[in-house]
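Asks: First, the structure itself, so that you have it in front of you.
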Ligand SMILES: Cc1cc2nc3c(=O)[nH]c(=O)nc-3n(C[C@H](O)[C@H](O)[C@H](O)COP(=O)(O)O)c2cc1C
């Protein structure tokens, strides 16, 4: 219904206009008694197999809304009512800023992609705090907000990189009591020179202040780094080093790419659109590759939020199987509509149930019928695995293959990962489209940016740095339970 009726209509309107309309509608729902409950009833899938415990927080399901949609923390509860397990608000900057001139958001329907150069448009820190305070005023579960929130932090465009640590610290301190985890965004391609902050020294300077501030707090807030898909392997290795050295809790991989490789949209249109970060389907393979690389390199010791090009439930499965503990969607949500999270959740639940059936049949003396049922489920899983594999093979990834059950495999090992609580080695936890469619959108810039990314990522066989012992000066994991 969304794809065939609503989307064609919505896609006739400039993407950023639609975005504002949708946010406006969600705000109205906020004031309609029972509105959110009704939405929840329609869109939310609840099942124990969907729950995840990651960096000390309990997520009702592993699917979050990526940063950039609710930049000013206006509608996170309403978005969560669409079935999301968590919402990342921001990017928030200390001072309000208008972002780049419009048009700055473009659809590429042929590629199921978006290009944006929003440039951290937002109403600033104090406005976000006002909105986040409302969280408790209006939530019926007053002392137990149902929506888990991430706060995505960025420096103001006019702040020189040397002064960036002060921007991030100011945001971190002020928002500390309002969000459940933080993401340090140093990877947006639309803010001049921001990506330079991904250098080791710059990152150390930013993160040191945050970790020191956190040390003095009663409540623990996980800090994650959001990285670019355009990093080289050596740069990703640096990120991993920084995480280990600074006591960072995890990585969000990835932001949008400046690459324009392999697009179906004509080069003329792409050139008309100009600069910006590309998201959606063209990003699927690269994000997956990076998540898998980091997961292998860190031996699963650091939680990864996998984001980038998750356009189908199978993409979501592939991302989780590549090592992501949680995933986020943005462009996939725009292209698939409000039922997207529900679809993913149902797919995850279905696979968990199938795996459980197989496990049960294997571990108990199953009657013949049960064995037959298990054999059928296994056959279904295998054929689904083959499909996913074929799909990802066609895009150069290996998808879910290694995580799906095969003859003789322990099915528990292939179920979703609720039991695999990532051990952070250092933290105390263990220590809209806008403007115009690409097909008809010229923009003021005609420069196609896009340094292609380095391709194959191969983790070295050597073991990564040994995780440090938890810092005894930090509160224990129970101390760090996010406040309800
Ligand atoms: C219009 C738009 C605005 C975005 N704004 C932000 C932002 O403010 N901060 C951020 O960290 N990422 C931002 N992103 C990046 C997304 O959070 C996500 O990392 C990226 O789009 C890849 O995921 P996707 O392919 O599911 O869209 C934005 C993406 C889009 C499309």
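The values are calculated or read from the model by the stated rules, or taken from the named source; none is laboratory data. Only a predicted model underlies this, so the values are computations on that prediction, with no experimental measurement involved. Cβ: placed from backbone, ideal geometry, glycine included. Neighbour counts: every protein chain shown.
Asks: Hey, does the stretch 31-52 have a residue that's touching a strand residue (DSSP E or B) at 6+ places or on another chain (Cβ under 8 Å) and modelled with pLDDT of 90 or more?
Replies: yes
Asks: Considering every residue within the stretch 166-176, establish whether at least one is modelled with pLDDT under 95 and out of contact with any helix residue (DSSP H, G or I) (no Cβ under 6 Å at 6 or more places or on another chain).
Replies: no
Asks: Filter the stretch 249-279 for residues that are within 16 Å of the ligand (Cβ to nearest atom) and closer than 21 Å to residue 150 by Cα and give the result.
Replies: Of everything in the stretch 249-279, those that are within 16 Å of the ligand (Cβ to nearest atom) and closer than 21 Å to residue 150 by Cα turn out to be 250, 251, 252, 253, 254, 255, 256, 279.
Asks: What number of residues within the stretch 83-112 satisfy the criterion of being part of a loop (DSSP other than H, G, I, E, B), more than 10 Å from the ligand (Cβ to nearest atom), touching a strand residue (DSSP E or B) at 6+ places or on another chain (Cβ under 8 Å) and over 21 Å from residue 127 (Cβ atoms)?
Replies: 4
Asks: For the list (1) touching a helix residue (DSSP H, G or I) at 6+ places or on another chain (Cβ under 7 Å); (2) farther than 16 Å from residue 185 by Cα, I need the number of the one condition that residue 271 fails.
Replies: (1)
Per-residue answers, yes or no, for (1) modelled with pLDDT of 90 or more; (2) under 18 Å from residue 302 (Cβ atoms):
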residue	(1), (2)
184	yes, yes
193	no, no
200	no, yes
208	yes, no
211	yes, yes
221	yes, yes
225	yes, yes
237	yes, yes
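Asks: Under the condition of being touching a helix residue (DSSP H, G or I) at 6+ places or on another chain (Cβ under 8 Å) and either more than 23 Å from residue 150 (Cα to Cα) or at pLDDT below 95 (or both), which residue from the stretch 299-312 is nearest to the ligand (Cβ to nearest atom)?
Replies: Here the answer is 312.
Asks: Among helices (runs of 4 or more DSSP H) lying entirely in the stretch 1-81, which contain 1 or more residues that are surrounded by fewer than 16 Cβ atoms within 10 Å (Cβ to Cβ)?
Replies: The helices (runs of 4 or more DSSP H) meeting that bar are 7-10, 15-31, 35-43.
Asks: Inside the stretch 250-268, can you point out the residues that are assigned to a loop (DSSP other than H, G, I, E, B) and either closer than 17 Å to residue 289 by Cα or in contact with a helix residue (DSSP H, G or I) (Cβ under 8 Å, 6 or more places away or on another chain) (or both)?
Replies: 254, 255, 256, 258, 259, 260, 261, 262, 263, 264, 265
Asks: Look through the stretch 321-346, keep the residues that are surrounded by fewer than 24 Cβ atoms within 10 Å (Cβ to Cβ) and in a helix (DSSP H, G or I), and return whichever of them is farthest from the ligand (Cβ to nearest atom).
Replies: Out of the qualifying residues, it is 346.
Asks: Output the residues belonging to the stretch 8-24 that are more than 16 Å from the ligand (Cβ to nearest atom) and either within 20 Å of residue 340 (Cα to Cα) or within 25 Å of the chain's Cα centre (by Cα) (or both).
Replies: Correct list: 8, 9, 24.
Asks: Answer yes if at least one residue in the stretch 348-362 is part of a loop (DSSP other than H, G, I, E, B), at negative phi and either within 16 Å of the ligand (Cβ to nearest atom) or under 19 Å from the mean Cα position of the chain (by Cα) (or both), and no otherwise.
Replies: No; the residues of the stretch 348-362 include none that is part of a loop (DSSP other than H, G, I, E, B), at negative phi and either within 16 Å of the ligand (Cβ to nearest atom) or under 19 Å from the mean Cα position of the chain (by Cα) (or both).
Asks: Of everything in the stretch 289-298, what is in contact with a helix residue (DSSP H, G or I) (Cβ under 7 Å, 6 or more places away or on another chain) and within 16 Å of the ligand (Cβ to nearest atom)? Give them in sequence order.
Replies: 290, 291, 294
Asks: What number of residues within the stretch 98-108 satisfy the criterion of being surrounded by fewer than 19 Cβ atoms within 10 Å (Cβ to Cβ) and either modelled with pLDDT of 95 or more or under 20 Å from the mean Cα position of the chain (by Cα) (or both)?
Replies: 1
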